[in-house]
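Report on the following structure.
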Amino acid sequence: MGNCCSDVPGGKMAVGGTASDHFNSAGPNDAVDNFFRSRGYNGLFSQIELSFSASGLRDRDIISKSDPMLVLYEKGRNGALKELGRTEVILNSLNPTWITKHTLTYHFETVQNLVFRVYDVDTQFHNASVKMLKLEEQEHLGEATCALSEIITKFDRSMALDLHAEDFTRSTQSRNCGKLLVHAEECVSSKTTVEMTLRSSDLEYRDLFSRSDPFLLISKVVEGGSHIPICKTEVIKNNLNPIWKPVFMNIQQIGSKENPLTLECYNFNSNGKHDLMGKMQKSLMELEKLFSSGQGGNFSLSTTAGHNPHNKMLKGRLYVDKYVESVQYSFLDYLAGGFELNFMVAVDFTASNGNPRLPDSLHYIDPSGRPNAYQRAISEVGEVLQYYDSDKRFPTWGFGARPIDGPVSHCFNLNGSSHYCEVEGIQGIMKAYTSALLNVSLAGPTLFGPVISNAALIASQSVANGGRKYFVLLIITDGVVTDLQETKDALVKASDLPLSILIVGVGGADFKEMEILDADKGERLESSSGRVASRDIVQFVPFRDVQSGEISVVQALLAELPTQFLTYMRSRSIQPNV
């Protein structure tokens, strides 16, 4: 599918729209989202190619050196290993560089734990296919594990791992089994994006009482002659000489500039049965020539005269008023260029959560170790984002509580310090959270404004210092916000900053009003002074239990982050310097 979407209301939403809306405005692209989700993709997905080399392997052969082969696994949340692939066998080498590479799909919103095992393949199996080898018959040389996100966040996307013996976890001493070097490359044939402004002239009347309502559908022609839609413009009402908003297409979607595209002009009908007004077939190269020459191309329609179908040339013409090629950097390009995601947390300590000492409280700490909803939300978001934050020092606040012998505070440092708000790692957040429950009295009301302003201050200071950081504030709450307008004011002000806000609602409250803060339906937030947010930075979701194997709602929420990150970077023409 194309990178084109529309925030045109009503029936026209189904028609599609322009990529400029997708990159610069708030409207969700339902058609594109549904296309990817129907194919198993949620949020950001990229194909990653892994290559492998090793050094200092153990020599397990008597006459010659070891004959190593690498096996790659993915480790599930339940600890089960799924084999993803095997390399070839390198004969007589303790420092192999394998030719075989492995491609896998990178999902931002989950932690993909990889396990690498190196085996010495016995001489008698050298002529056998590696897929047929029984690993229990080969000698284990060493293994290593890491998360895929650890590799792709390295500056050169390479990571050196110490190989250890299979029984390393049961041994107090690490045996030196050599090193494994894993290198990741994003599989992208082209990052070049084409922006075009298209217009038509002299289109035909198709409506009885008014002019036509035209829109364009652009499809690529694949082998066999079938057409795959990649882009649509918006509908322009009552106009025979329309000028559509710019559309964007990635050359990788099309294949090459020489590949044919079909451009069809339709008259919009609210019943979904749109009338074809004309079509033409042009490659991107030919469309670029139309732009350079200033000439238009004629639409045609298939007609049948007798038994001989032919194309009738129409008066209506298509012009290319703008044709610009540019590089669209990916989320992984920014990571490779040194950009980071910095995690921040704010926890609701209002009295509506219930007495933390009682089992029915949302803040109850179960002696069995079963995490409450607050702990689960922190863990599920933090375990993903921690890999994108190099120092793993996380600003952490509480709100809506009364510290010992003090007034109610709507933004206090969760670690109890009056000087700094950061804690070390996810475990540091958990420790500060449980400690705060013993040292504050739950109060109220529920105010978001102060914590959002604090997060925005940190983000603005980073921008002023030239920081290459994007901030993610997780707010976990059990109730509806009391200071709605003050929160809107803080969000509108923060929309110009490198900041996204995830709000997770826990408990059984009615969170309908909270959805006002999440502008997914296309209506931008407006401040009390009338200023409109420059972009949507809020995602809200009520926390719920999920069935085994399902992606959690919090991880589904995380899937939106790379798009918000890219929207900010592209709207300010910030490049990753890769």
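The values are calculated or read from the model by the stated rules, or taken from the named source; none is laboratory data. Note that the coordinates shown come from a computational prediction; the quantities given were computed from them, not determined experimentally. Cβ sites come from the backbone with ideal geometry, for glycine too, and all protein chains shown count toward neighbours. These area figures cover heavy atoms from the full protein model, side chains too; ligands, DNA and RNA do not enter into them. Shrake-Rupley method; radii C 1.70, N 1.55, O 1.52, S 1.80 Å.
Side notes on the structure shown:
- Normalised by the number of residues in the chain, the mean separation of alpha-carbon contacts (under 8 Å, six or more apart) gives a relative contact order of 13 percent.
- Size check on segment 309-403: the Cα extents along the three principal axes, sorted descending, read 80, 37, 28 Å.
- Sorted from longest to shortest, the spans of the Cα atoms of segment 232-301 along the three principal axes equal 35, 26, 24 Å.
- Protection proxy ranking of 310-318, 228-236 - average other beta-carbon atoms within 10 Å, highest first: 228-236, 310-318
- Taking amide H positions as modeled 1.01 Å from N, with prolines and chain starts lacking one, the residues under 5 Å from Leu314 and 5 or more places away or on another chain are Phe299, Ser300, Leu301.
- Cα-based radius of gyration of segment 194-331 once divided by 2.2 N^0.38 Å, which approximates compact folds: 1.07
- Ordered from highest to lowest accessible area with the whole protein assembly present and a 1.4 Å probe, Thr197, Thr482 read as Thr482, Thr197.
- Taking only the alpha carbons of segment 88-232, we obtain Rg and Dmax values of 26.7, 86 Å in that order.
- For Gln112, the residues whose amide H sits under 5 Å from its own are Leu148, Ser149, ignoring neighbours fewer than 5 places away on the same chain, with H placed 1.01 Å from N.
- Checking the cross-link pairs Lys131/Lys220; Lys220/Lys315; Lys245/Lys279; Lys101/Lys134 against a 27 Å limit on the alpha carbon distance flags Lys131/Lys220 as lying beyond it.
- Apportionment of accessible area to carbon and sulfur, the chain, percent (1.4 Å): 49
- The residues of the chain expose on average 47 square angstrom of accessible surface per residue, using a 1.4 Å probe on protein heavy atoms.
- Taken over segment 244-400, the percentage of Cα pairs per 10 Å bin, counting from 0 up to the bin with the maximum distance, is 8, 20, 17, 12, 13, 15, 11, 4, 0.
- By definition, a body whose alpha carbon gyration tensor gives a ≥ b ≥ c is oblate when a/c is 1.5 or more and a/b is not larger than b/c, and the chain fits this oblate description.
- Cα-derived Rg to Rh of segment 367-429, Kirkwood definition: 1.02
- The order of the peptides 356-362, 396-402 by mean Cβ neighbours within 10 Å, most packed first, is 396-402, 356-362.
- Highest-first arrangement of 366-376, 561-571, 279-289, where packing means the average Cβ count within 10 Å: 561-571, 279-289, 366-376
- The 3J(HN,Hα) values that the Karplus relation (6.51, -1.76, 1.60; θ = phi - 60°) gives for segment 343-353 are, in residue order, 8, 9, 10, 10, 10, 7, 10, 6, 5, 5, 5 Hz. Gly and Pro appear as x.
- Legend: residues His419, His126, His363, His102, sorted from most to least accessible area (1.4 Å probe; ligands, DNA and RNA excluded), read His419, His126, His102, His363.
- Straight-line reach from Lys273: taking Cα to Cα under 21 Å and skipping same-chain neighbours fewer than 8 places apart, the lysines in range are Lys12, Lys232, Lys237.
- Normalised contact order of segment 327-426, rounded percent, pairs of Cα under 8 Å and 6 or more residues apart: 27
- D (Stokes-Einstein, µm²/s), Kirkwood Cα radius, segment 431-529, 0.890 mPa s at 25 °C: 164
- Label point distance in nm, Met285-Ile574, each placed 7 Å from Cα along Cα→Cβ: 3.9
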